[in-house]
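Report on one structure; see the data block that follows.
Every number in this text was worked out from the coordinates using simple rules, so none of it is lab data. Here the structure is a predicted model, which is why all the values come from computation and not from measurement. Reconstructed Cβ throughout: ideal geometry from the backbone, glycine too, with neighbour counts over all protein chains shown.
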């Protein structure tokens, strides 16, 4: 009779052990499912944050582009004003009497204006190339599509 009780207790321990393992497997499955759901949620949040960040970067680059464009337009106006001044000086030179001293002074002013215009033109062209290169660098960043307003 003692053998039967001992065998029954061993069987009960084995059954309890099997039930414990089944509950643990079930708990691990639930834990795994919860973690997978958490990963999906975090991925969705990451995508939303990425989209918002891309919009902010695009807006920042759009503002930079507009500022650079405005500076280039201002420089173009300056060049046109200098060209007008140069043309005016050229006309004055043509209208001046044949007095050598007057011609010499006008020639000097014309040369100064021409040199100044050429220097400014060169500086503005260099600045324009630098700004264009900066824009190219900005829009060649990986993962950043060029905005539609760049044509």
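Testing the spin-label approximation: label points 7 Å from Cα along Cα→Cβ at residue 53 and residue 19. State their distance in nm.
Each label point is offset 7 Å from its Cα along the Cβ direction, giving 5.2 nm.
Under the 0.36 nm per residue contour assumption, what length would be gained going from the current alpha-carbon distance of residue 109 and residue 92 to full extension?
5.1 nm
Quick one: helix 100-139 against the long Cα principal axis of the chain, what's the angle to the nearest 10°, folded into 0 to 90?
With rounding to tens, the tilt is 10 degrees.
When the helices in the chain are scored as -39500 (n - 2.57) per DSSP H run of 4 or longer and the sum is shared across all residues, what 222 nm value do you end up with, to the nearest 500 deg cm²/dmol?
It comes out at -33500 deg cm²/dmol, rounded to the nearest 500.
Provide the packing ranking of 12-21, 106-115, i.e. peptides ordered by the mean count of other C-beta atoms within 10 Å per residue, highest first.
In descending order of packing, they fall as 106-115, 12-21.
Based on other C-beta atoms within 10 Å, arrange 120, 27 from fewest to most.
Fewest-to-most ranking of 120, 27: 27, 120.
Considering the values (i) 55, 33, 32; (ii) 145, 20, 16; (iii) 176, 30, 19, which represents Cα extents along the principal axes in Å as calculated for the structure under consideration?
It is the one labelled (ii).
Mind pulling the angle between the C-alpha long axis of helix 2-95 and the longest principal axis of the chain? Nearest 10 degrees, somewhere in 0 to 90.
0
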